[in-house]
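Values quoted throughout were computed directly from the atomic coordinates according to the rules given, and no laboratory measurement underlies them. What you are looking at is a predicted structure, and each value in this text was computed from that prediction instead of being measured. Don't worry about glycine lacking a Cβ; one is built from the backbone with ideal geometry, like all the others, and counts go over all protein chains shown.
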Amino acid sequence: MSPKKILVIRFSSIGDIVLTTPVVRNLKTQLTDCEVHYLTKSSFRTIIDNNPYIDKAHYLDGNLGQLISALKKEKFDAVIDLHNNLRTRIIKARLGVKSHTFKKLNWEKWLKVNLKIDKLPNRHIVDRYMDTVSGFGVKMDALGLDYFIPEADEVPMDWLPETHRKEYVAYAIGAQHGTKRLPLKRMIELCDKINKPVVLLGGTDDAENANKIESFFQKTTKSEPMEEGLTRLNKKTIIYNACGKYNLNQSASLVKQATHVFSHDTGLMHIAAAFKKQVFSIWGNTIPSFGMYPYRTKFTVFENNKIDCRPCSKIGFDKCPKGHFKCMNDSVFDFYLP
């Protein structure tokens, strides 16, 4: 008998939550009269508030006891735990209903990071998320990831400079950890190689780098200190710095309207995949074989496979632990944009 009321749990982060959307969609579309609820942190509500496959959302605001009391009143038939941490284990135990839990592969990742022994499965994390609902007879469809932008957050093209209204390439310059981001000079090199109008995307934390990239391509006296070592660049790229100026849904709208998307290993990369954009993904200390490369869209990977210290972490560091940062400093950008 199929469950009639299911709670899906994923607390963070942007990209991980986007990667759970096929589970939600397939539960809702394949189980008859099933009510699908979703639990996440309140800071990520903008990602799921507009998802039509979610009947009700629940948010963790800090008081776990109150949250569990509210969840008990829902009388769920099953819990799909796509996070698998201490808090989700407490929630599952307190709710006392049948649960299906995502296997995180922590041991396999530890072996790869610390001993460079590869026991990782050749499967995307989305397909492993789907394993949690296979017992209900739910199967993966052909639609890929979802991201829903409310009409109020769709960015009109006339908000952009005239130079970017016909077409532009989006470059998501941010990442949660420093070892997932290109150094500033390499960002500039990449923007120059793109050689088209570029929209820089990111949050307020990325504004400093974005301002420096923008200044460099303006060819003002402010860019002169960065000229050393970059004299071969054509500097024909036109930059629009959108970092910190748009909310997440608006940034997603700019990704949706881009011709191509360049991104570090970050949430906007997965949002780009949801819109079936051609993605150029840039990898530093993490690796695509952890299973989080762009899903069901055309993509190119930039990574340095000629060093033996990579991956050095399953998440990332503020700075390269060895000091040389060769995974990003020595990566090669080999691409052509028509």
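Quick notes on this one:
- When the stretch 5-135 is reduced to its Cα atoms, the Kirkwood hydrodynamic radius in Å: 15.4 Å
- Contour excess over end-to-end distance, with Cα ends at residue 159 and residue 326 and 0.36 nm allotted per residue: 56.3 nm
- Cα-based reach from residue 236 at 19 Å (exclusive), listing aspartates and glutamates while leaving out same-chain residues under 8 positions away: 162, 167, 189, 192, 214, 224, 227, 228, 334
- Working from label points 7 Å from Cα in the Cα-to-Cβ sense, the residue 211 to residue 90 distance is 4.0 nm.
- Taken along the Cα-to-beta-carbon direction at a fixed 7 Å, the label points for residue 166 and residue 66 span 5.5 nm.
- Directionally averaged projected area (convex hull, Cα atoms, the chain), nm²: 18.4 nm²
- In the structure shown, the pairs 92/322; 116/277; 119/306; 139/298; 166/298 are assessed against 29 Å; a Cα-Cα span above that value is assigned to 92/322; 116/277.
- Note on residue 29/residue 195: beta-carbon distance plugged into 1/(1 + (r/R0)^6) with R0 of 51 Å gives a FRET efficiency of 0.75.
- Residue-averaged 222 nm ellipticity for the chain, from DSSP H runs of 4+ at -39500 (n - 2.57), nearest 500: -7500 deg cm²/dmol
- Of all lysines in the structure, the ones whose alpha carbon falls short of 19 Å from that of residue 245, not counting any fewer than 8 places away in one chain, are 212, 256.
- Residue-by-residue Karplus 3J(HN,Hα) for the stretch 312-318, coefficients 6.51, -1.76, 1.60, Hz, glycine and proline x: 9, 6, 7, 10, x, 10, 5
- Cα centroids of the stretch 1-21 and the stretch 132-179: 18 Å apart.
- Degrees separating the helix 207-217 axis from the principal Cα axis of the chain, which is the longest one: 30 degrees
- Amide H to amide H, with H built 1.01 Å from N, residue 300 comes under 5 Å of 279, 280, 281, counting only residues 5 or more places away or on other chains.
- Among 72-83, 98-109, the peptide with the highest mean count of other Cβ atoms within 10 Å heads the list, and the full ranking is 72-83, 98-109.
- Here the peptides 6-14, 203-211, 266-274, 86-94 are ranked by packing, the mean other Cβ count within 10 Å, and the order with the highest first is 266-274, 6-14, 203-211, 86-94.
- Calculated FRET value between residue 141 and residue 304, using beta carbons and R₀ = 25 Å, to 0.05: 0.10
- Taking 138, 97, 279 in turn, the Gaussian network model of the chain (Cα-Cα springs below 10 Å) assigns the largest fluctuation to 97.
- You can think of it this way: the chain between residue 151 and residue 259 has 36.8 nm of extra reach, that is 0.36 nm per residue less the Cα-Cα gap.
- Rounded FRET efficiency, nearest 0.05, which uses the C-beta distance separating residue 131 from residue 106 and R0 of 25 Å: 0.95
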